[in-house]
Amino acid sequence: MGLSSGGFSNAVRNSISSLAGSHHDRRSRKIEEKDKSAGATEKELEPPRFESVKKPLHLLSLPPEIQLLILSQLRFADIERLRRTCKQLRYLATPHQIRVLMGPMKLQNELLGHCKSCLAYDECRQTLLLSNVTDPGYPLASRCVRCALTDGDPRIRFGKKVRLANFDTVFICRWCGWPITEPSISAYTNEQFHRGCYRGYNNALFFYFLLGWAQLSIGITGAALAWRYFRHVTMVFAPTLTSFLLLWFCFGVLIFRSNKKRIYHWTLLLELTILGLWVPPVYYLAVGIANSPNDPVPKSTAATMAMFALNMLFRLVNSVGNMFMLFQYDMTKRHRPNVRWWRRMIHPVVAFFVFWTYPQALDQKYPPDYL
């Protein structure tokens, strides 16, 4: 074949090694396949592994025994708040279960000493209104003074008495509308006011006294200026004379009026009449000033015009105040809790008009009797 002895031996050696390598490859392949099949069989035989699910940690996940143990350490107000959270806690803390945890006597005292709305507790029951057996939810039917004022309880009216949960009957303060729960905080000379409220009422009376003399002085001065400089002008003289006479009549009404009968409708009519009488003189002076814009305004005319304007302003404020009192505005609303911001701004303004006009309206009885 043209091969040398060395080449022939190399060819034989290569063929033998290739046969041995192929045999080794087939054997290793069979071993690998056997290992794979054995591994798959082992995986199939292994039991499935389940991952543990973490439960949320909260009160409802605890056993009922531990939940009852926790409830036994809480106050009644906290238990009631939990009962109002969800149905599961409500079914857990049933009235029977609470009675077992606290005892009948303690539970009765707790129910009578808590407000049914805000669950505020008062051991002495001085800030709770008395509840009746016929009230819904009794014995948890009492309401604290704050919640009663917020909801507009009709039992709390200034000038009237209210019965508290400790069976005391107390007055409602005429200034702030809150009950006078203790005799030590009432005014010395008037049991229907708190001590601090009575000082505020006296300050309002003093302001009204000074204001009354100021109105009287301005009314007299305005009429005197009109008669001094415009006595020959009928449009000025006649209205100012009439308003001057009505001024003294109104002053007498303010002095001798009684607190038993309310005459706000008559005083309102009187104030509007005086206000209307000042319109013609002001109109006459304004037209005179407008017809001569180039001429300087005399000092007498300017002073008279200023007095006329002040008289009209005072009568206008008096008319607004009488109107508020005629519609029976409750002066204690400005001291109520949880008042909206716009009402909190309006109430002091209305109180200012009432105190300007007649602060003794706080002393009048309720409901009113009109003359």
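Pairwise Cα separations in segment 51-122 fall into 5 Å bins from 0 onward with the following percentages, short to long: 3, 14, 25, 24, 14, 8, 5, 3, 2, 1, 0. Between the residues M235, A204, T267, the greatest Cα displacement towards the positive end of the dipole of segment 168-293, with unit charges on the Cβ of Lys, Arg, Asp and Glu, is found for M235. In whole angstrom, note down how far apart the Cα centers of segment 250-327 and segment 146-177 are. Going from one Cα centre to the other spans 39 Å. Diffusion coefficient (Stokes-Einstein, Kirkwood radius over C-alpha pairs, 20 °C, 1.002 mPa s) for segment 205-286: 156 µm²/s, rounded to a whole number.
I'd like to compare 167-173, 125-131: which one has the highest average count of other Cβ atoms within 10 Å, and what's the full order after that?
My ranking of the peptides, most packed first, is 125-131, 167-173.
Were the residues from F352 through A77 laid out at 0.36 nm apart, the gain over their Cα-Cα distance would be 94.8 nm. The length gained by stretching the chain between T150 and N109 to full extension, at 0.36 nm per residue less their Cα-Cα distance, is 12.3 nm. Overall, segment 61-112 carries a charge dipole of about 180 debye about its Cα centre when +1 sits on the Cβ of Lys and Arg and -1 on the Cβ of Asp and Glu, all other atoms neutral. Under the convention that each Lys and Arg Cβ holds +1 and each Asp and Glu Cβ holds -1, the size of the dipole of segment 82-204 around its Cα centre is about 320 debye. As a proxy for reagent exposure, ranking S61, S186 by other Cβ atoms within 10 Å from fewest up yields S61, S186. Label zone (F327, point 7 Å along Cα-to-C-beta; backbone nitrogen cut-off 20 Å) within segment 241-277: 262-273. Once divided by 2.2 N^0.38 Å, the Cα radius of gyration of segment 161-215 becomes 1.39. Going 7 Å from the Cα of L241 in the Cα-to-Cβ direction, what parts of segment 197-226 have a backbone nitrogen less than 20 Å from that spot? Within reach of a label on L241: 219-226.
Values quoted throughout were computed directly from the atomic coordinates according to the rules given, and no laboratory measurement underlies them. Keep in mind it's a predicted model, so treat the numbers as computed, not measured. Positions of Cβ are generated from backbone atoms using ideal geometry, with glycine treated the same way; all protein chains shown enter the neighbour counts.
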